[in-house]
Every structure is written in C-alpha cells, then in structure tokens.
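The values are calculated or read from the model by the stated rules, or taken from the named source; none is laboratory data. The structure displayed is predicted, hence computed values, not measured ones. Note that we place each Cβ from the backbone using ideal geometry, even for glycine, and neighbour counts take in every protein chain shown. For accessibility, only protein heavy atoms count, side chains too; no ligands or nucleic acids. Shrake-Rupley method; radii C 1.70, N 1.55, O 1.52, S 1.80 Å.
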Amino acid sequence: MDNLPESLALEILSRLDDSAAVACCRMASKTFNSAYPGLKFINLQWRLKWYLESRSRVSSSSNSSQFTPSLKRVFLNLVSNLSALESVRIGVENPPPDVLNADVEDDGDDLHITDGGFVKEWLPRVSGALKLLSLSDFWVQSSTRRSEVLSLISAHCQNLIELELKNAWLAVQNMNVMPMLTSLTLELIRLDDKNLTEFNTSFPNLQVLNLIDVRGLKMPMIHLLNLKTCHWIVTDSPSYICIITPNLITLRLECRSPAALYIEAPLCYNLHLAVDHLNAFAVKKFENLKIVQLESSNIYSVIRKFRMETVETLTLDIRAGGNSKFTLEDLLCTFPNITSLCFKPRVWSEFEVWCGNIGLKGVKRFCGYLSVVDPLMTFALVDCVLEECFNCVEISLLIHRSVASNISKRFITRCTAEWPEVKWTWGIWEEGREDYWMTGEQLL
C-alpha cells in the first residue's frame, strides 16, 4: 500500500463514503495518510450503540468527567488537516421510540453537534469551499439547548448550496442572507421563527425546500419567489398557513386541520395535499396543475373546495378512520378532465357504494390498491371500474403482500381472460414499503 501513487490513494479515499473507513485507511498506510489532506468530504455518522456502550462502561463511576464520548474529538481530528472541504456530513443516530428515555438521558453535550462552541472550532476554517453541510444532532442533548448554528452558518458559509439540519432547537437571531443556498432541509426542528419571517428573508433563492416536523410555528408563511419543489409536513396546529411561491412546480403539504390555508402557486404542476379537514381554503388559480393526490379522513370536505379543469391524473386516499361519502358526480364536477385515476385501499374498497351510471369516459388509465382479494366481490369491483371508465385501456392493480399467491393467481387469470383487450399491470404493495411492479407471470 505504501508504494501506491498519492493520486491513486486519494482517489481510493474519495470513493469511501464513511469517514470511519477513511480513518482506518490512514492508520493502515502512510500513503493514505499523506493523501488525506486532499480529500474534499467528511461523512461521520455516530451510532447509538457506541454511545450506549460507552455510557454503560462508566455508569458505575462517580467521576462524570470519565464519560466523554469521542465524536467531537474524532471529527476535529478529521477536519484539522482539510482546507478544501466541499461537503461535510455529521450525524448521530437517535434512539427509536421504543427505547426507554432512561437508557439515553444524560446532562452531557458530547454529541450535541449543533452546539455553537463546537461549530466555531471548525466551521470558519473550512467554510470557503463548502457547498454542502448536513448536521443531524442528538435530540436527547439538543432538545433543551437552543443553538445559534444558523447565525454561524450564514456568517461563514456564503458559498453554501445545500444545507440540512435535523434534531435541533434553532435560534434565528443575527442571521445573514444566504443568496447562494438553493436547497434546505429542516427535520424535527424547534424553530424560533413562528411566522417564518426571518426564514424568508435569509434564504431568498431556495429552489428545494423540505420542512419535516418543524415546530413552534403559529401563522407560517412561505414566501419564496424562486422555489420549485416544496415538501412541508406540519405537526403543529397553526391558525393560518400561507404559501406564496410563483414559480413552484411540485408541492407536497401534509397537515392536520388548518383553520385557514392559502396557496398562491400558479405554475404548480404536481400537488399532494394530505389534510383531515379543510376549513377556510383559498387558491389563486392553478394554471398548470396536472397531477393531484388527495389524502384525507374526509375526502368530500377536501374535494368540494376544488374546481380544477386542468387536472389529468388524480389519486385519492382515505386516512385511517375516515370514509369517502362522495360520488362519481362529485368527482366529475371537480375534476372534469381526468384521464388517469388511482384509488388507494380505503377508497377502492368503497367504490361499489358510489358506483353509478355517470361514467368517467375520459379515464384511459386506472390504478387500484387491493387490501384483500375476494373471488366474487373484488372481481365485481373491477367490472364496476370498467363499466364506469368505459374508455379505459390500461389497468394497474397492486395486491397486498399478505394475499395468498394461489388466490392472486386465480384473480389475475380471470381478469386477463375476461378483458383481454385491456393492458394489465400487476404489483405488490405493503404499508411502509415502496410499491413493487411486475408482470403477471412474475407475480404468479
């Protein structure tokens, strides 16, 4: 190994995604150690078991200073000789919900990686070339400590393009504008910006935004003129949600029951809206909306708020505990020009209830998710679909993984034999897993 050209050693190190593996290579070879300063990334992910094992070893000690997890020391050592870093990722694995708090609670800050003092030790030195920064904190230690990391990042990282912060309590005082930042992810964050005022000012050129379980919001408004893609999961119950994004293309909004919702996104092409109920709802006309997915415990309360002639692809889902209580006439009134229709399990199971003689003549493609396959009832539902969607030429059905293969086989064989003119696509679905598509032969 020590005879390798330094350029080749650097290439090998660059292909290792884990900085722990990089550290092992440095210890094993002088050539790797010499090439290391040319590395342009750090990716250090601290496992929960390391923390628990280290804590267990000193649990009987009366000297608390003996318990010093080494994440910060390891990282500072890694970064000490790197001056041209373009990407930094530091993360701490958080305990799953079923782990007792007593197993992970302590008063230390050794894994608190958004701590301002820790960040000041290394960020100013590497910020010049930095394009990507990801900090995933240890919630056990960060949840009660407000961090100034946003102020530090905005002060030093003016060339940063992508920022990801998770599991932290973030202050927004003394933030600078970051005109180069185009992608931002905040996940499991307590944010001291209840209306997102500082947020909008500091990140004017965002194109990709993910707000996943950001708390502390009262009347949040996203007002970003260059935003293209937005995924927002709202876990608080704000009285008002406002989205003003004139260039937005894709919007995924998941919330409970906002008292008022206003969306101004005239160029939006793809909308995924998941809400329990919509009370006051206003939209400045969607001029280009083609794809819509609606998820609600009361689909009708959502559908009746819409009137969208441009929509061509529609997916409907009923949240657990909800019901449909809408008809094909309601559907046609709201989405008169749909050509592709998809029903998730709880909608599909009630299709027969509101099947009528209205007819969805524009629907060319249908997709359905089957929770169970009853030899008679499920076949009757397919017959109902083809009766209502009488111009349909493509049907995609996903059968739940729990359905016995012999039952699926008989069902597939009967469908393809009864309607040979239809193009059939088959797949398997299961909650929490990606849909798996295959040919009928593979499924059997």
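Taking amide H as placed 1.01 Å from N in the peptide plane, Cys367 has its amide H under 5 Å from the amide H of Leu341, Cys342, Phe343, Ser396, each at least 5 places away in sequence or on another chain. A simple rule links phi to the HN-Hα coupling: the Karplus curve 6.51 cos²θ - 1.76 cosθ + 1.60 with θ = phi - 60°, which for the range 292-298 gives 9, 10, 10, 10, 7, 7, 9 Hz, with x for Gly and Pro. Both the radius of gyration and Dmax for the chain are 26.6, 79 Å, in that order, over alpha-carbon atoms. Using heavy atoms of the protein chains and a probe of 1.4 Å, the accessible area assigned to Tyr436 is about 120 Å². Using a probe of 1.4 Å on the protein chains alone, the accessible area found for Thr229 is around 50 Å². The relative contact order of the range 102-174 comes to 39 percent, based on Cα pairs under 8 Å that sit 6 or more residues apart.
The residue list Ser405, Trp426, Cys415 was ranked by how far each Cα lies along the charge dipole of the range 381-444 toward its positive end, using unit charges on Cβ atoms, and Ser405 comes out on top. Farthest toward the dipole's positive end in the chain, which of Gly362, Ile42, Leu111, given Cβ charges of +1 (Lys, Arg) and -1 (Asp, Glu) about the Cα centre? My answer, from the dipole projection, is Ile42. Summarising the amide proton neighbourhood of Leu261: residues at separation of 5 or more, or on other chains, whose placed amide H is nearer than 5 Å comprise Ile241, Ala280, Phe281, Ala282.
First compute the accessible area of the chain with a 1.4 Å probe, then give the percent of it belonging to carbon and sulfur atoms.
50
Summing +1 for each Lys or Arg and -1 for each Asp or Glu among the other residues whose beta-carbon sits under 13 angstrom from that of Phe390 gives -2.
Take the cross-link list Lys166/Lys218; Lys364/Lys409; Lys290/Lys344; Lys166/Lys284; Lys344/Lys423; Lys131/Lys166 and give me the ones stretching past 23 Å between alpha-carbons.
Long pairs (Cα-Cα over 23 Å): Lys364/Lys409; Lys166/Lys284.
A probe of 1.4 angstrom, applied to the heavy atoms of all protein chains, finds Ile428 with accessible area near 30 square angstrom. Karplus-based coupling profile of the range 237-243, in residue order and whole Hz: 10, x, 6, 7, 10, 10, 10, with θ = phi - 60° in 6.51 cos²θ - 1.76 cosθ + 1.60 and x standing for Gly or Pro. Amide H contacts for Leu227 (H built 1.01 Å from N in the peptide plane; partners 5 or more residues away or on another chain; cut-off under 5 Å): Asn247. Look at the alpha carbon pairs under 8 Å that are at least 6 residues apart: their mean separation over the length of the range 125-266 gives a relative contact order of 16 percent.
Using only side-chain charges placed at the Cβ, +1 for Lys and Arg and -1 for Asp and Glu, the dipole size of the chain relative to its Cα centre rounds to 500 debye.
For the range 36-42, the Karplus equation 6.51 cos²θ - 1.76 cosθ + 1.60, evaluated at θ = phi - 60°, returns couplings of 3, x, x, 5, 10, 9, 10 Hz by residue, with Gly and Pro reported as x.
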